[in-house]
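K.L.:
One structure is given below, represented as structure tokens, and several questions about it will come after.
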Amino acid sequence: MSKNNSPDLRALSTEQLLPAARHLDRMSSLEIVQLMNQEDATVATAVRGALPQIARAVDLVVAGIRQGGRLIYVGAGTSGRLGALDASEIQPTFNTDPRTVQFIMAGGPKALGASTEASEDDTALAIREIKKRKPGKRDVVLGIATSGRTPFTIAAVEYARNRGARTIALTCNYNSPLERAAHFAIVTPVGPEVLAGSSRMKAGTAHKMVLNMISTAAMTRLGYVYGNLMVNVWTKNEKLIQRSVRIVEQATAANHEAAARALKAAGNRTPVAVVMLAAGVNKSGAAAALKKSGGHVRNAIEFARKG
């Protein structure tokens with residue numbers, strides 16, 4: 001998309017001046033943080049209005065991953081970094097295949113810690129990057145852009161949609177080019193920022209909340225959670241092993257010693273230990289039940305109890 005076809009930034013709600021912040025540079029420290037806190041309190045309401053669309057996104061992600069597909073975040077600047085953050089936290093939290101949730105960042109990984117703002121206009125780069133992922137009908141590509149007008153993100157979403165992927169726009173402005181490029185949009189209209197145009201503030205908070213909802217709800221629906229416990233959490237260090245023992249205790253009502261023995265017998269694989277104790281089976285029986293259920297812990301417990 002050419003810049004000439006992009007909406008005027010001056011018309012976007014997120015680019016307006018917040019009247020209460022017009023004298024920000026003359027406020028005391030307490031006055032500044034009080035105003036920021038007051039504005040942050042409105043973010044949850046903006047997200048609440050988009051809950052039906054967020055739930056629709058969760059359903060698409062669940063259906064896609066069940067078929068071997070992926071969730072791919074695309075963004076530039078703050079939006080890209082938020083996608084990268086959420087994607088990078090899925091594997092250690094849920095012990096998923098690292099390919100399941102991915103991110104594409106304008107400017108590449110170096111842009112996570114350095115400014116490469118010019119790359120957000122590079123549509124050719126966007127197409128090269130999304131093309132590498134070979135998006136298809138089992139994948140969900142979620143483009144993140146506060147303004148809804150970032151050329152990099154729009155180009156990647158358009159390419160993915162043309163290749164059959166399901167596409168979602170996440171923005172803070174209605175009727176944006178990104179919304180039109182995607183199958184549907186999640187819009188969180190947070191309005192003007194305390195620091196005018198600084199989308200790392202309310203807009204970033206709103207989008208972090210939405211991404212948390214989508215990924216956590218999807219992984220819960222896929223069975224990587226038992227009750228509200230992270231039963232697939234990594235056990236890569238002593239702290240995480242102790243956390244896993246506690247999770248096994250909470251999931252099965254076993255005492256600490258029994259939970260620790262089960263986790264050790266399970267090779268420090270928390271889901272296996274939970275199924276072992278909850279269904280009263282050995283390691284091989286628990287592992288077989290988990291394989292049959294596709295890793296869905298609650299279903300695996302039922303399978304193990306029946307057979």
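The values are calculated or read from the model by the stated rules, or taken from the named source; none is laboratory data. Bear in mind the structure is a predicted one, so any value in this text is a computation, not a measurement. Every residue, glycine as well, gets a Cβ built from its backbone with ideal geometry; the counts of neighbours run over all protein chains shown.
K.L.:
Assuming Ser293 fulfils every condition listed in (1) of a type in the set (Gly, Ala, Ser); (2) out of contact with any Phe, Trp or Tyr (no Cβ under 8 Å at 6 or more places or on another chain); (3) surrounded by fewer than 21 Cβ atoms within 10 Å (Cβ to Cβ) apart from one, which condition is it?
P.N.:
All conditions pass for Ser293, except number (2).
K.L.:
Confirm whether Thr116 is β-branched (Val, Ile, Thr), touching a Lys or Arg at 6+ places or on another chain (Cβ under 8 Å) and either at pLDDT below 95 or not assigned by TED's automatic domain parsing to the domain that holds Ala87 (or both).
P.N.:
yes
K.L.:
Name, by its number, the condition in (1) in a strand (DSSP E or B); (2) in contact with a Ser or Thr (Cβ under 6 Å, 6 or more places away or on another chain) that does not hold for Leu178.
P.N.:
The number of the failed condition is (1).
K.L.:
Confirm whether Gly164 is more than 15 Å from the chain's Cα centre (by Cα), at positive phi and either basic (Lys, Arg) or not assigned by TED's automatic domain parsing to the domain that holds Thr93 (or both).
P.N.:
no
K.L.:
Can I ask one more? Just to be sure, is Ala206 within 18 Å of Arg81 (Cβ to Cβ), in contact (Cβ under 8 Å) with a residue 40 or more places away in the chain and surrounded by 24 or more Cβ atoms within 10 Å (Cβ to Cβ)?
P.N.:
For Ala206, the condition - within 18 Å of Arg81 (Cβ to Cβ), in contact (Cβ under 8 Å) with a residue 40 or more places away in the chain and surrounded by 24 or more Cβ atoms within 10 Å (Cβ to Cβ) - is met.
K.L.:
Please work out if Lys283 is more than 21 Å from Asp97 (Cα to Cα) and surrounded by fewer than 17 Cβ atoms within 10 Å (Cβ to Cβ).
P.N.:
yes
K.L.:
Examine the range 12-23 for a residue that is within 24 Å of Ala126 (Cβ to Cβ), over 14 Å from the mean Cα position of the chain (by Cα) and hydrophobic (A, V, I, L, M, F, W, C), and state whether such a residue exists.
P.N.:
Checking the range 12-23: at least one residue is within 24 Å of Ala126 (Cβ to Cβ), over 14 Å from the mean Cα position of the chain (by Cα) and hydrophobic (A, V, I, L, M, F, W, C).
K.L.:
For a quick check of your reading of the model, give me the residue pairs whose first member lies in the range 232-249 and is farther than 14 Å from Pro271 by Cβ, whose second is modelled with pLDDT under 90 and surrounded by fewer than 17 Cβ atoms within 10 Å (Cβ to Cβ), with beta-carbon atoms closer than 8 Å and at least 6 apart or on different chains.
P.N.:
Filtered contacts from the range 232-249: Lys236/Pro92.
K.L.:
Now, a different point. Which condition breaks for Ile247 when tested against (1) at pLDDT 95 or above; (2) surrounded by fewer than 21 Cβ atoms within 10 Å (Cβ to Cβ)?
P.N.:
(2)
K.L.:
Pick out the one residue from Ala289, Ala278, Ala260, Ala273 that is under 20 Å from Thr93 (Cβ atoms), assigned to a helix (DSSP H, G or I) and not assigned by TED's automatic domain parsing to the domain that holds Val187.
P.N.:
Only one candidate passes the filter, namely Ala273.
So that you can scan it fast, the table gives a plain yes or no per residue for (1) aromatic (Phe, Trp, Tyr); (2) farther than 21 Å from Arg48 by Cβ; (3) modelled with pLDDT under 95:
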position: Lys134; (1), (2), (3): no, yes, no
position: Arg138; (1), (2), (3): no, yes, no
position: Ile144; (1), (2), (3): no, no, no
position: Gly164; (1), (2), (3): no, yes, no
position: Thr171; (1), (2), (3): no, no, no
position: Pro189; (1), (2), (3): no, no, no
position: Ser198; (1), (2), (3): no, yes, yes
position: Met219; (1), (2), (3): no, yes, no
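K.L.:
If you take the residues of the range 56-89 that are at pLDDT 95 or above and β-branched (Val, Ile, Thr), which of them is farthest from Gly294 (Cα to Cα)?
P.N.:
Per the criteria, the residue is Val74.
K.L.:
Name the one entry in Val47, Val74, Val61 that is among the β-branched types (Val, Ile, Thr), buried (at least 17 other Cβ atoms within 10 Å of the Cβ), out of contact with any Leu (no Cβ under 8 Å at 6 or more places or on another chain) and in the same structural domain as Pro151 (by TED's automatic domain parsing).
P.N.:
Going through Val47, Val74, Val61 in turn, the sole match is Val47.
K.L.:
Right, something else. Can you pull out every residue in the range 250-259 that is crowded, with 19+ Cβ neighbours inside 10 Å and over 15 Å from Ala300 (Cβ atoms)?
P.N.:
Ala254, Ala259
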